[in-house]
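J.: Pasting a structure here, questions to come.
The values are calculated or read from the model by the stated rules, or taken from the named source; none is laboratory data. Not measured: the values here are computed from a predicted model. Don't worry about glycine lacking a Cβ; one is built from the backbone with ideal geometry, like all the others, and counts go over all protein chains shown.
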Amino acid sequence: EDQVTQSPEALRLQEGESSSLNCSYTVSGLRGLFWYRQDPGKGPEFLFTLYSAGEEKEKERLKATLTKKESFLHITAPKPEDSATYLCAVRVRTSGTYKYIFGTGTRLKVLA
Amino acid sequence: NAGVMQNPRHLVRRRGQEARLRCSPMKGHSHVYWYRQLPEEGLKFMVYLQKENIIDESGMPKERFSAEFPKEGPSILRIQQVVRGDSAAYFCASSRNPGVADTQYFGPGTRLTVL
């Protein structure tokens with residue numbers, strides 16, 4: 001069964017303390033891995049799409065990487081405004097169409 | 001360039017009433033997905049629609065739930081005879097063409113509370 005697991009569930013960092021969030025997946029027929037940021041009471045905001053192992057994408061303090069089994073979201077020198085839930089999703093090809101499977105997210109809190 | 005729009009943002013219903021949630025996709029997008037999110041949980045896929053077609057409804061309960069995306073107008077997720085367990089945030093996402101490299105963009109959600 002296709003599955004996406006994110007770890008840790010929650011993470012508290014001091015401002016400036018770099019860290020990484022993990023998204024591991026077991027799927028057949030990966031057609032993209034997506035990272036989203038979700039603030040309380042809002043919809044997920046798109047961050048990155050990765051398609052093949054070895055690919056990397058960067059945006060400000062965030063950098064996403066992809067291997068054949070997992071993806072990492074690296075946060076360099078985080079600020080309090082980076083506090084949010086970060087969601088990972090995979091798109092798989094199934095029964096002639098595409099399906100998106102989401103992990104349960106990592107709740108990040110950055111303390112000033 | 002307007003993003004995905006959902007209304008209402010908050011909806012309160014009593015048990016047994018009907019809930020209608022609306023979603024207007026981004027301009028140029030013809031694919032709509034509905035998800036449900038419970039507190040502290042991830043997004044659970046419900047249904048995937050194109051204009052006038054349901055492509056995949058494997059995540060939607062067989063009873064009381066239905067969805068449509070007419071040729072004109074927004075996509076609608078309808079929940080009949082709501083129960084307390086239906087209380088959740090419902091998100092709509094749209095994409096341009098899942099057949100190629102594609103990305104889903106989400107709306108702000110509708111928060112349904114069943115009393």
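J.: So, in region A:60-112, how many residues would count as being among the aliphatic types (A, V, I, L, M), out of contact with any helix residue (DSSP H, G or I) (no Cβ under 8 Å at 6 or more places or on another chain), in contact (Cβ under 8 Å) with a residue 40 or more places away in the chain and assigned to a strand (DSSP E or B)?
T.: 7
J.: Determine which single condition B:Glu18 fails, assuming it passes every other condition in (1) under 12 Å from B:Phe91 (Cα atoms); (2) exposed (fewer than 14 other Cβ atoms within 10 Å of the Cβ).
T.: The one condition B:Glu18 does not meet is (1).
J.: Here is a further query. Considering only region B:51-68, state which residues are within 21 Å of A:Val92 (Cβ to Cβ), surrounded by 15 or more Cβ atoms within 10 Å (Cβ to Cβ), in contact (Cβ under 8 Å) with a residue 12 or more places away in the chain and not aliphatic (A, V, I, L, M).
T.: B:Gly59
J.: In addition: Residue by residue through region B:88-115, note down the ones that are under 21 Å from B:Arg9 (Cβ atoms), out of contact with any helix residue (DSSP H, G or I) (no Cβ under 8 Å at 6 or more places or on another chain) and not in a loop (DSSP other than H, G, I, E, B).
T.: B:Ala88, B:Ala89, B:Tyr90, B:Phe91, B:Cys92, B:Ala93, B:Ser94, B:Tyr105, B:Phe106, B:Thr110, B:Arg111, B:Thr113
J.: Here's a check for you: in region A:86-97, which residue that is at the interface with chain B (Cβ under 8 Å from one of its Cβ atoms) and buried (at least 22 other Cβ atoms within 10 Å of the Cβ) is farthest from the chain's Cα centre (by Cα)?
T.: Per the stated criteria, the residue is A:Arg91.
J.: Any idea how many residues of region A:21-54 are at the interface with chain B (Cβ under 10 Å from one of its Cβ atoms) and not in a strand (DSSP E or B)?
T.: Total meeting the criteria: 5.
J.: Counting only residues that are closer than 23 Å to B:Thr103 by Cβ and charged (D, E, K, R), which one in region A:1-49 is nearest to the chain's Cα centre (by Cα)?
T.: So, considering only residues that are closer than 23 Å to B:Thr103 by Cβ and charged (D, E, K, R), the one nearest to the chain's Cα centre (by Cα) is A:Arg37.
J.: Give just the number: which of (1) without any contact (Cβ under 8 Å) to a residue 40 or more places away in the chain; (2) within 22 Å of A:Gly103 (Cα to Cα) does B:Tyr33 not satisfy?
T.: Here B:Tyr33 clears every test but (1).
J.: If you scan region B:69-87, which residues turn out to be surrounded by fewer than 20 Cβ atoms within 10 Å (Cβ to Cβ) and either in a loop (DSSP other than H, G, I, E, B) or of a type in the set (Gly, Ala, Ser) (or both)?
T.: Across region B:69-87, the qualifying residues are B:Pro70, B:Lys71, B:Glu72, B:Gly73, B:Pro74, B:Gln80, B:Gln81, B:Val83, B:Gly85, B:Ser87.
J.: Here is a list: A:Ser52, A:Ser71. Which entry is of a type outside the set (D, E, K, R) and at pLDDT below 95?
T.: A:Ser52
J.: Okay, next question. I need the full set of residues from region B:69-87 which are closer than 15 Å to B:Tyr35 by Cβ and either touching a helix residue (DSSP H, G or I) at 6+ places or on another chain (Cβ under 9 Å) or in contact (Cβ under 8 Å) with a residue 60 or more places away in the chain (or both), in order please.
T.: Matches in region B:69-87: B:Ile79, B:Asp86.
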